[in-house]
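Below: one structure, written as structure tokens.
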Protein chains: 4
Amino acid sequence: MIVTVKVTNEAPRGRPRSSQCREAILSAASEILKEKGFRDLTIEEVAARAHVGKATIYRNWETRGILALDAFMVDYLLLQPPQRGATLEEDLFSALAGWVAVVDGTPTGRALVGLLAEAQFDLELGKQFRDRVVAPARAAQRDMIERAVARGEIPPDTDLEILMDLLFGPAYLRLLEGHQPLSSAFVRRIARAVALAAREGVAVRDL
Amino acid sequence: MIVTVKVTNEAPRGRPRSSQCREAILSAASEILKEKGFRDLTIEEVAARAHVGKATIYRNWETRGILALDAFMVDYLLLQPPQRGATLEEDLFSALAGWVAVVDGTPTGRALVGLLAEAQFDLELGKQFRDRVVAPARAAQRDMIERAVARGEIPPDTDLEILMDLLFGPAYLRLLEGHQPLSSAFVRRIARAVALAAREGVAVRDL
Amino acid sequence: MIVTVKVTNEAPRGRPRSSQCREAILSAASEILKEKGFRDLTIEEVAARAHVGKATIYRNWETRGILALDAFMVDYLLLQPPQRGATLEEDLFSALAGWVAVVDGTPTGRALVGLLAEAQFDLELGKQFRDRVVAPARAAQRDMIERAVARGEIPPDTDLEILMDLLFGPAYLRLLEGHQPLSSAFVRRIARAVALAAREGVAVRDL
Amino acid sequence: MIVTVKVTNEAPRGRPRSSQCREAILSAASEILKEKGFRDLTIEEVAARAHVGKATIYRNWETRGILALDAFMVDYLLLQPPQRGATLEEDLFSALAGWVAVVDGTPTGRALVGLLAEAQFDLELGKQFRDRVVAPARAAQRDMIERAVARGEIPPDTDLEILMDLLFGPAYLRLLEGHQPLSSAFVRRIARAVALAAREGVAVRDL
DNA sequence: CCCTAAACGAGACGGTACGTCTAGTCTTATG
DNA sequence: CATAAGACTAGACGTACCGTCTCGTTTAGGG
């Protein structure tokens, strides 16, 4: 497959790529992703539903995975609600509970898992997933930690990454393995444990 | 697809199924799983490498996923080392460090993720994954908790499930998303945080 | 493309190729050839009409051209009538008139031209066309010449090839270029001219 | 497809059609015709080689076939040499030998066959082929017959069409089917046979 | 010791989807 | 307004696998 990416800043020649097209393709892909999941999302069907030639899809997206990521982002980002509580534990709870609401038993959740699996092999997809999903989420969560530091709840050099991994990791695990439900009791306890660890300085950088 | 499962205890008629066959298939599947990952494991290639007809594979395994699970188990179980330390934190550390050694940057790790993704759609695979991978692991870990209870380190009605999710979840997350390395500093801090939470009774059942 | 042709006389292994299949494909191809001509005969449509996978077609025929040749043969050979007259001119007339009836304004005629054009590029098709269409026709015509020799109408070492080219060439030309009709007056005159040339020994070998 | 044909004689508005363009297109088409033959001449490649938009080609030529005919004409006409001998047979021989030299084993010959095949389906191409290739050739050949009539070699009401079909038909046949070579012995005998037929009045109109 | 019946290898079968290519049309900016 | 460039819809190309099937060939019991 060949995807030409413009590098120079010459004047663009020929017919410009249609944004209508891109939107039709994304919304078709999004539909299929919800109905059938990532595994059964085929370029052929996206093209048919969007009334678009297959070449137009290949012209705009390098791989099926990256197309699916774009389609996934629409729903995933829209549903992420920001929250601000009085204590770190409250913030942690609402962040995790919000995520659980979006992914537990939903098409979005299944799509997320499918993308993660695909990203193990499609390295470009992995990179984009980190840049476009993980990094923005972490940036948004940084504020939560900073406010807790400002309140004096936790040490100033607390490592955001470890704390967020401790918070979301257990939930990812239950989402993936399905061995236990993502109940609100679970969310509450995880938030409490993470808050405790943070307060006790387990996550400070120079440990 | 039709897989006949014998229920009655009649005498088996005809040529018995060959265990040589099963082994050849499993080892071919295992090879491919390591070389190319779950996504690129095709029945066609397994059959060719094992010098076996495709029907023989379909006769013995319901789906590609379950075949891959069987192939995966060989490596995954062999490499799981049991450990017994002096404190809960030591035990948690060695358990997590052992798991990380098996999956971080290894074919086994990539296979694990592929299987988890497939299990979102192949429900039977999900069930078998829980029964044959998750459940035995948890059973093995139960001893670790019980010894900590016996030593008086943690409350007696501590919930194993939450504790193990707290321990392994963050590592799964880093394995999946690759946003941060599975360093030994990471493992150490996670073990410390989980031990702390356990001691403080965050995971007791009636919370 | 890869088409395996058996050369050795080993026992055949695996499922034998289905003749039903071959027949269904040929009759679908024949239909399309008549309806739309060689240019618009696509493997895709043959497969669809014959309720057959595309791979089955590619497994049995090297190229679209050779498939079309096989389909063409059915009609072309069936319609070739043998004739025996009292004089060479009568024989020549009935041979040419028979051919004209089969190809003038018929799907078979258009198919013939399409195959000839394709054969300019598909050398294997050209070879098979000569072996399976031209050579048998010439063999059948040889009898006509031999009888004329036996009757003493023409010299004994008359060259069949030249005579037949003189007979059919003009008709091919009108078929191809369509500049003049393939009328029965035309057929009559051509037969007379060829008979005359033959009698006068224009086609003897050592000329 | 839509081809706008100007009927009125209004003053032309806007940028005039470039003749440079037409030439670039024709010479690109001619190149490809020689390299790959008619079957593999694609509008896409012509446009690319001529540094021309595809629309410009469609604006100037109705079909691929007619473009190819235009490209073909350049070579075909250039190479047709006129000849004048002392007898009809000499004239016939030199006419046929000249044609054979142009088409036997040459790209021009293969292009000729491709065009003839295409013309079976593209009726407009067939018409243009007759008007621009066949008709001028016959007009040129008329002189040969008239001179033979003037010399008293052949009857005055000899049918040019039949005679030329008898002359060129056999050569077309060998060109198409390739069953026998277009040797000079072949050309000589055909010329002799046609001259004989003409002398004997086989081609007179009221036969 | 043959008979029976299922398992075996091989690979053909009807399908689906792949990623590429070309057709013929449409839409920009440029001349 | 013609042009070069190239994006657009449409659909065929030849390939790779899917899961099923149909062969001829083993390979065990049970008669």
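The values are calculated or read from the model by the stated rules, or taken from the named source; none is laboratory data. None of these values were measured; they are calculated from a predicted model. Virtual Cβ from ideal backbone geometry, glycine too; neighbours counted across all protein chains shown.
Does any residue in segment C:97-122 that is within 9 Å of another protein chain (Cβ to nearest Cβ) come within less than 9 Å, Cβ to Cβ, of a residue that is of a type in the set (D, E) and crowded, with 22+ Cβ neighbours inside 10 Å six or more places away or on a different chain, and which pairs are these?
Listed pairs, sorted by first residue: C:A117/D:E118.
Would you please name the residue that is nearest to B:P107 (Cα to Cα), looking only at residues in segment B:51-75 that are surrounded by 21 or more Cβ atoms within 10 Å (Cβ to Cβ) and of a type outside the set (V, I, T)?
B:F72
Any residue in segment B:43-60 that's away from every other protein chain (no Cβ under 14 Å): show its pairings with residues that are near DNA strand F (Cβ under 7 Å from one of its atoms) and in a loop (DSSP other than H, G, I, E, B) at Cβ separation under 8 Å, as long as the two are six or more apart or on different chains.
Hits for this filter: B:Y58/B:M1.
Please find, within segment A:165-207, the residue that is nearest to the other protein chains (Cβ to nearest Cβ) out of those that are among the acidic types (D, E) and in contact with a Leu (Cβ under 8 Å, 6 or more places away or on another chain).
So, considering only residues that are among the acidic types (D, E) and in contact with a Leu (Cβ under 8 Å, 6 or more places away or on another chain), the one nearest to the other protein chains (Cβ to nearest Cβ) is A:D165.
Might you let me know whether segment D:71-87 holds any residue that is free of Cβ contacts under 8 Å to residues at least 24 places away in the same chain and more than 19 Å from the chain's Cα centre (by Cα)?
Checking segment D:71-87: at least one residue is free of Cβ contacts under 8 Å to residues at least 24 places away in the same chain and more than 19 Å from the chain's Cα centre (by Cα).
Which members of segment D:45-91 meet the condition of being hydroxyl-bearing (S, T, Y) and within 18 Å of D:L115 (Cα to Cα)?
Passing the criteria: D:T63, D:Y76.
For segment D:82-115, enumerate the residues that are touching a Gly at 6+ places or on another chain (Cβ under 8 Å) and farther than 23 Å from D:K34 by Cβ.
Just the residues of segment D:82-115 that are touching a Gly at 6+ places or on another chain (Cβ under 8 Å), to begin with: D:83, D:91, D:93-94, D:102-103, D:107, D:110-111, D:114-115.
Those that are touching a Gly at 6+ places or on another chain (Cβ under 8 Å) and farther than 23 Å from D:K34 by Cβ: D:Q83, D:D91, D:F93, D:S94.
Filter segment B:116-142 for residues that are closer than 20 Å to B:F38 by Cβ and among the polar types (S, T, N, Q) and give the result.
Kept after step one, since they are closer than 20 Å to B:F38 by Cβ, are these residues of segment B:116-142: B:116-134, B:137.
Passing the criteria: B:Q120, B:Q128.
Identify the residue in segment A:6-52 that is closer than 27 Å to B:D40 by Cα and near DNA strand F (Cβ under 10 Å from one of its atoms) and, among all such residues, is nearest to the chain's Cα centre (by Cα). Talk me through it step by step, then tell me what you get.
Start the filter on segment A:6-52 by keeping residues that are closer than 27 Å to B:D40 by Cα, which leaves A:25-26, A:28-48.
The next check asks that each one be near DNA strand F (Cβ under 10 Å from one of its atoms); those that pass are A:25, A:44, A:47-48.
Working: A:I25: 20, A:E44: 25, A:A47: 25, A:A48: 27 Å.
Step by step, filter segment A:6-52, then rank; the result is A:I25.
Quick grid of which residues meet (1) farther than 29 Å from B:Y172 by Cα; (2) of a type in the set (D, E, K, R); (3) part of a helix (DSSP H, G or I); (4) in the same structural domain as B:L175 (by TED's automatic domain parsing):
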| position | (1), (2), (3), (4) |
| --- | --- |
| B:P12 | yes, no, no, no |
| B:A28 | no, no, yes, no |
| B:I32 | no, no, yes, no |
| B:Y58 | yes, no, yes, no |
| B:V100 | no, no, yes, yes |
| B:G114 | no, no, yes, yes |
